[in-house]
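A.B. asks: Below you will find the structure I want to go over with you.
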Amino acid sequence: MLQSERQQALKQVNSFLASKKCETLFSEIISLVTMEPQYQHEASRQAIIELAKKRIFKRYQKVCALGSNIKHDTPDDDVHELRIECKKLRYLMEFFSELFAKKPIIALIKAVKELQTILGNFNDHSVQKDFISQYSAKTKSSNLIAAASGFIAVLHQKQLEEKSRVVGAFENFSQQKVAGEFKRLFT
């Protein structure tokens with residue numbers, strides 16, 4: 001059933017990509033990207049390295065604030081929000097990495113990636129649980145419902161294990177060594 005739905009979705013995507021509407025959208029995006037800037041943002045008057053430091057450190061502080069609130073009973077959405085903020089932090093750091101000493105920035109990016117991996121595993125289990133739950137709700141097959149319930153129970157257990165790993169990983173991420181390096185590099 002899933003394979004059939006995936007094939008149908010793929011046909012829809014391929015159909016859209018071959019459509020005139022898609023071609024028009026791409027043309028509009030290209031014209032927007034190639035336009036001259038219409039205004040000057042106040043941030044454009046700042047030296048890029050100062051702007052990068054400010055944005056990265058602010059994002060790091062937000063990650064720390066969110067991460068310090070993660071406990072074993074934290075709602076999934078809060079853990080997911082931390083994952084999103086870690087992504088934003090990593091993307092900022094990678095984008096501006098050439099402005100900083102190579103060894104320390106790479107080490108900090110690695111620390112963020114390690115935290116992201118665990119957060120991603122947690123999120124994968126959460127998304128899979130929701131998907132299987134919604135999918136099984138559409139069926140009348142008692143065998144499928146029973147199998148889905150068992151699978152959801154296994155995913156829930158794995159999710160709890162990952163949440164414990166999130167708590168531990170964040171404790172490592174927020175230790176003085178990492179925090180000190182963020183301060184040294186970005187303030």
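The values are calculated or read from the model by the stated rules, or taken from the named source; none is laboratory data. Treat the numbers as computed from the prediction; the structure is a model and nothing was measured. Methodologically, a virtual Cβ is constructed for each residue, glycine included, from the backbone with ideal geometry; neighbour enumeration extends over all protein chains shown. Surface accessibility is based on the protein's heavy atoms, side chains included, excluding ligands, DNA and RNA. Shrake-Rupley method; radii C 1.70, N 1.55, O 1.52, S 1.80 Å.
A.B. asks: Just in the range 1-85: which chymotrypsin sites (Phe, Trp or Tyr not before Pro) are loop by DSSP and have at most 16 other Cβ atoms within 10 Å? Working shown, then result.
C.D. replies: Details: sites: Phe16, Phe26, Tyr39, Phe57, Tyr60; in loops: Tyr39.
Sparse-neighbourhood loop chymotrypsin sites (Phe, Trp or Tyr not before Pro): Tyr39.
A.B. asks: Let me ask something else about it. Per 0.36 nm of contour for each residue apart, how much would the distance between Lys71 and Ser27 grow if the chain were fully extended, relative to their Cα-Cα spacing? All intermediate terms of the calculation are to be shown ahead of the outcome.
C.D. replies: Details: separation 44, 0.36 × 44 = 15.84 nm, distance 4.71 nm.
Length gained, Lys71 through Ser27: 11.1 nm.
A.B. asks: Check each of the trypsin sites (Lys or Arg not before Pro) in the range 62-127 and keep only those in coil by DSSP with at most 14 other C-beta atoms within 10 angstrom; list them in order.
C.D. replies: Values: sites: Lys62, Lys71, Arg83, Lys87, Lys88, Arg90, Lys102, Lys110, Lys113; in loops: Lys71.
Qualifying residues, ordered by number: Lys71.
A.B. asks: Less than 19 Å apart at the alpha-carbon level, and either on another chain or at least 8 residues along: which lysines does that give for Lys103?
C.D. replies: Answer for Lys103, where 19 Å is the Cα cut-off: Lys53, Lys113, Lys177, Lys183, listed by chain and number.
A.B. asks: For the chain, what is the convex hull (Cα atoms) projected area averaged across all directions, in square nanometres?
C.D. replies: It is 15.2 nm².
A.B. asks: Are there DSSP H segments in the chain that both extend 18 Å or more along their axis (alpha-carbon positions) and score a mean Kyte-Doolittle hydropathy of at least 1.0? List them, or say none.
C.D. replies: Numbers: long enough: 2-17 (22 Å, -0.68); 20-34 (21 Å, 0.55); 48-68 (30 Å, 0.00); 76-95 (29 Å, -0.75); 102-137 (51 Å, -0.11); 142-173 (45 Å, 0.23).
For the chain, where a helix must reach 18 Å along its axis and average at least 1.0, there are no hits.
A.B. asks: Further question: Rolling a 1.4 angstrom probe over the protein heavy atoms, how many square angstrom per residue are accessible across the range 1-50?
C.D. replies: Numbers: 4870 Å² over 50 residues.
Here the per-residue accessible area is 97 Å².
A.B. asks: Next up: Give me the 1.4 Å probe accessible area per residue for the range 51-107, excluding ligands and nucleic acids, in Å². Write out the running numbers ahead of the final one.
C.D. replies: Details: 3450 Å² over 57 residues.
I get 60 Å² per residue for the range 51-107.
A.B. asks: When the chain is modelled as a GNM with alpha-carbon springs shorter than 10 Å, which of Leu119, Leu99, Leu82 fluctuates the most?
C.D. replies: Per the Cα network of the chain with a 10 Å cutoff, Leu99 tops the list.
A.B. asks: Related question: Pop a pseudo-label 7 angstrom from the Cα along the beta-carbon direction at both Val127 and Lys110 and give the gap in nm to one decimal.
C.D. replies: 2.7
A.B. asks: Let me ask you something else. What aspartates and glutamates sit close enough to Lys102 to cross-link, taking a C-alpha to C-alpha distance under 16 Å and skipping anything fewer than 8 places away on the same chain?
C.D. replies: List returned: Glu94, Glu181.
A.B. asks: Sorted by mean Cβ packing within 10 Å, highest first, what order do the peptides 147-154, 3-10 take? Before the final figure, lay out each step's value.
C.D. replies: Numbers: 147-154: 14.2, 3-10: 9.4.
Top of the packing list down: 147-154, 3-10.
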